[in-house]
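Peer 1: Encoded as structure tokens, here's the structure I'll be asking about.
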Amino acid sequence: MTLALIACTGGERDRSPAQMEFEDPAGNPVVLTNLPVSRIVSTMQSANEWLLLLGAGDRLVARTDFDRQPEYAHLPSIGGGLDPSPEAIAALHPDLVIGWRNRASSDLKDALAPIQIPVLSFETTDTADVFLQLDRLGQLVGRSAVADSLADAMRQQLTAIRAEACAAFPTPDDVMLILWTEPPMTAGAGTWMTTLLETVCLRNSYADVTNPWPTVGMESITARQPRWLLTSAGTSVGQRLAEFRAKPGWRDLDAVRAGRVLEIPGDLFARAGPTIPAAARALLAERRRLAER
């Protein structure tokens, strides 16, 4: 059963409570009344993907440049989502705005406060956050039953992928996630990206680091010598490997010398939402491709 199929079968709206408490970008409580909401602006691509699967894509009144779904193509763009214009958002008359828990969302909250447009924030550090985001979005749009079905489907898919991956590769190898190269940034313990690796029977080289998104040095990477590197794919197969082989420090790693660089599509690599199972499948397929060389 796929996520898309479940969404299609969940056309009936759930009953929403009269009011619910959410959080703003600073973690302060925001009480919303008159649920479900009808007009939403979201700077989070994962939230927009969930809304579409919840059968509530028509609640969005804008998109970001990274929302590539045809269902959203007709909507005006608010740009990349990291620094949206308060004036442009206010002109869309949304019931609320959904944003990352960062400085840009805090500034947006302050700018929209005088016209009483609330800004909500969802953490997406680990998989618990991912499922909580889905649950809260389901309540916002009155589709809690559909949200529950989507969550169950994702858990089943991840369990099935893990069984397949660990049967094919029973010994977990160390992998370093490369979120940025200059300076090197990776994922630490307790992140959804660590869970992604575990789903395909791999082990995060920095799982002992408590900071979820640490910046590390080449000396640390060289000392750890991860067997694999994982990063987003370029425009051609092997592009990232070629780039690493041209970079001082990186080119001296055993993984780079041996060509053990896993590359998966960028829209899957760093999106903590409904595409996590697809990211796991892509990672497993990439590992198989490199194993067959």
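The values are calculated or read from the model by the stated rules, or taken from the named source; none is laboratory data. Worth saying up front: this structure is predicted, and the values here are computed from it rather than measured. No Cβ is skipped: glycine too gets one built from the backbone with ideal geometry, and neighbour counts run over all protein chains shown.
Peer 1: So, in the stretch 60-100, of the ones that are among the charged types (D, E, K, R) and either surrounded by 17 or more Cβ atoms within 10 Å (Cβ to Cβ) or in the same structural domain as Ala270 (by TED's automatic domain parsing) (or both), which residue ends up farthest from Pro36 (Cα to Cα)?
Peer 2: Going residue by residue through the stretch 60-100, those that are among the charged types (D, E, K, R) are 63, 65, 67-68, 71, 83, 87, 95.
So of that shortlist, the ones also either surrounded by 17 or more Cβ atoms within 10 Å (Cβ to Cβ) or in the same structural domain as Ala270 (by TED's automatic domain parsing) (or both) come out as 63, 67, 95.
Numbers: Arg63: 20, Asp67: 23, Asp95: 10 Å.
The extreme case among them is Asp67.
Peer 1: Still on this structure: Could you go through the stretch 75-89 and let me know if any residue there is part of a loop (DSSP other than H, G, I, E, B), touching a residue at least 40 places away in the same chain (Cβ under 8 Å) and not charged (D, E, K, R). Break it down stepwise before answering.
Peer 2: Quick first cut of the stretch 75-89, residues part of a loop (DSSP other than H, G, I, E, B) only: 75-76, 78-85.
Then keep just the ones that are touching a residue at least 40 places away in the same chain (Cβ under 8 Å); that gives 84.
Add one more test, that the residue is not charged (D, E, K, R), and what stays is 84.
Yes - at least one qualifying residue is present in the stretch 75-89.
Peer 1: So, in the stretch 244-285, of the ones that are modelled with pLDDT of 95 or more and of a type in the set (Asp, Glu), which residue ends up surrounded by the fewest Cβ atoms within 10 Å (Cβ to Cβ)?
Peer 2: My answer is Asp254.
Peer 1: Okay, moving on. Looking for whichever is of a type in the set (D, E, K, R), under 19 Å from the mean Cα position of the chain (by Cα) and part of a helix (DSSP H, G or I) here; the options are Arg240, Arg281. Which one fits?
Peer 2: Working: Arg240 fails: under 19 Å from the mean Cα position of the chain (by Cα).
Answer to the check: Arg281.
Peer 1: Can you work out which of the residues in the stretch 105-121 that are of a type in the set (A, V, I, L, M, F, W, C) and under 11 Å from Ala26 (Cα atoms) is surrounded by the fewest Cβ atoms within 10 Å (Cβ to Cβ)?
Peer 2: We begin by selecting, within the stretch 105-121, every residue of a type in the set (A, V, I, L, M, F, W, C); these are 108, 111-113, 115, 117, 119-120.
Okay, now just the ones that are also under 11 Å from Ala26 (Cα atoms), so 119-120.
Numbers: Val119: 28, Leu120: 25.
Only one residue tops the list, namely Leu120.
Peer 1: For the list (1) without any contact (Cβ under 8 Å) to a residue 12 or more places away in the chain; (2) assigned to a helix (DSSP H, G or I); (3) not polar (S, T, N, Q), I need the number of the one condition that Ile221 fails.
Peer 2: Going through the list (1) without any contact (Cβ under 8 Å) to a residue 12 or more places away in the chain; (2) assigned to a helix (DSSP H, G or I); (3) not polar (S, T, N, Q), Ile221 breaks only (1).
Peer 1: Let me confirm something: among Ser205, Ser236, which residue is modelled with pLDDT of 95 or more and of a type in the set (S, T, N, Q)? Before you say what the answer is, go through the steps one by one.
Peer 2: Details: Ser236 fails: modelled with pLDDT of 95 or more.
Every option except Ser205 fails the conditions.
Peer 1: Could I ask something else about it? Do we have any residue at all in the stretch 88-97 that's under 30 Å from Arg287 (Cα atoms) and out of contact with any His (no Cβ under 7 Å at 6 or more places or on another chain)?
Peer 2: We begin by selecting, within the stretch 88-97, every residue under 30 Å from Arg287 (Cα atoms); these are none.
Checked against the condition, which is being under 30 Å from Arg287 (Cα atoms) and out of contact with any His (no Cβ under 7 Å at 6 or more places or on another chain), the stretch 88-97 yields no hits at all.
Peer 1: When residues of the stretch 93-129 are filtered for being assigned to a strand (DSSP E or B) and closer than 20 Å to Leu75 by Cβ, how many remain?
Peer 2: Residues of the stretch 93-129 that are assigned to a strand (DSSP E or B), as a first pass: 96-99, 119-121.
From what's left, closer than 20 Å to Leu75 by Cβ: 96-99, 119-120.
Final tally of qualifying residues: 6.
Peer 1: Moving to a separate point now. Could you list, in sequence order, all residues of the stretch 130-179 that are buried (at least 16 other Cβ atoms within 10 Å of the Cβ), assigned to a loop (DSSP other than H, G, I, E, B) and over 19 Å from the mean Cα position of the chain (by Cα)?
Peer 2: Val141, Gly142, Arg143, Phe169, Pro172
Peer 1: Moving on to the next point. Do we have His93 as without any contact (Cβ under 8 Å) to a residue 12 or more places away in the chain and closer than 19 Å to Arg59 by Cα here?
Peer 2: Here the answer is no, as His93 does not meet what is asked.
Peer 1: Does Arg101 satisfy the condition of being under 30 Å from Ala207 (Cα atoms) and within 14 Å of the chain's Cα centre (by Cα)?
Peer 2: On the way: under 30 Å from Ala207 (Cα atoms): yes; within 14 Å of the chain's Cα centre (by Cα): yes.
So Arg101 passes the test.
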